[in-house]
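Colleague: Mind having a look at this structure? Questions to follow.
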Amino acid sequence: MTDNLRLKFENNWQQNHSQFGQNTWEQEADFCYFIESPLPLETAQKLCDQANQFKENFKVEGGTWLSPENMHLTLTLPGRLGTHFQKNDLAFMKKTLADITAQTPAFELTLQNFNVFPTTLWAEVYDQSGRLQQLHETLCNEIPFSQHPEFRYANFLPHISVAYGAQTASPLAQTAERTFEPLTFTLDTLCLGRAKWQGNELTKVKSAEYMLKQS
């Protein structure tokens, strides 16, 4: 599982490294619903420190940088109310999440290496046991709504976003140093909620929170 994930991360880097910091981040106006796991605050602060070092090393400027309190791992994006699902589907999603989390033990994950999409800097999430991929696929099977179905199942790329819309004077090189000391954390919580960006302000409303089964 780790080797396959490492290959997917490497392929993404090869595809996107030269585009990062060269594009404009286009925000979407409406609330988008998410199912995510918040990154533990201590781990998030350490990741922020690593991100600041990356920012300094590669002279990354501007953009919106997430605070430790807002760092999270997205499991799936059900999308927008009225577009991807209807109001009565919210109760269904809450019950489904309660059922899934009651049967899913908490598990460990590891952060290591920065990676990019054209407008996003993020940290790679390694899933040694394969349980993150399994949880993602269970959520996709049980909650079919999706804003981006093309990024589900085999195309799921687990990551923690660090910054959006940052700019670089020149493209990142393929050989850019992007490693950092591994950070291990426990995924033990899932949240259902909605969020939207307005300029540099993130508005986030949590609808429900669920603890995974304690082993």
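Colleague: Rank these for me by crowding, Tyr153, Tyr33, Tyr126, going from fewest to most other beta carbons within 10 Å.
Modeller: Working: Tyr153 12, Tyr33 23, Tyr126 19.
Ordered from fewest to most neighbouring Cβ atoms within 10 Å, Tyr153, Tyr33, Tyr126 come out as Tyr153, Tyr126, Tyr33.
Colleague: Here is a further query. Among Gly193, Thr179, Gln167, whose Cα sits farthest toward the positive end of the charge dipole of the range 160-215 (+1 at Cβ of Lys/Arg, -1 at Cβ of Asp/Glu, about the Cα centre)?
Modeller: Value computed over the given set: Gly193.
Colleague: Going by average Cβ density within 10 Å per residue, which order do the peptides 193-203, 163-173 take, highest to lowest?
Modeller: Values: 193-203: 13.0, 163-173: 16.3.
Answer by packing, highest mean first, reads 163-173, 193-203.
Colleague: Run through all the Cα pairs of the range 2-211 and give the fraction in each 5 Å bin from 0, expressed as whole percent.
Modeller: P(r) over the range 2-211, rounded to whole percents: 1, 7, 15, 19, 20, 18, 12, 5, 2, 0.
Colleague: Return one number: the angle in degrees, 0 to 90 and rounded to the nearest 10, between the long axis of the Cα atoms of helix 41-57 and the longest principal axis of the Cα atoms of the chain.
Modeller: The answer is roughly 30 degrees.
Colleague: Residues of the range 26-43 with amide nitrogen under 18 Å from the 7 Å Cα-to-Cβ point of Thr203?
Modeller: Hits in the range 26-43 for Thr203 at 18 Å: 27-34.
Colleague: Any chance you could run the full-extension gain for Gln45 through Thr175? It's 0.36 nm times the residue separation minus the Cα-Cα distance, nm to one decimal. Intermediate results must be reported in sequence, preceding the final value.
Modeller: Working: separation 130, 0.36 × 130 = 46.80 nm, distance 2.62 nm.
Going from the current span to full extension adds 44.2 nm.
Colleague: Could you give the size of the charge dipole of the range 111-215 about its Cα centre, using +1 on the Cβ of each K and R and -1 on the Cβ of each D and E, expressed in debye and rounded to the nearest 20?
Modeller: 280 debye
Colleague: Straight-line reach from Lys204: which lysines have Cα under 22 Å away, leaving out those fewer than 8 places along the same chain?
Modeller: Lys87, Lys94, Lys95, Lys196
Colleague: Could you give the size of the charge dipole of the range 1-75 about its Cα centre, using +1 on the Cβ of each K and R and -1 on the Cβ of each D and E, expressed in debye and rounded to the nearest 20?
Modeller: 280 debye
Bear in mind that the values in this text are calculations on the coordinates, not laboratory data. What you are looking at is a predicted structure, and each value in this text was computed from that prediction instead of being measured. Backbone-built Cβ (ideal geometry, glycine too); neighbour counts: all protein chains shown.
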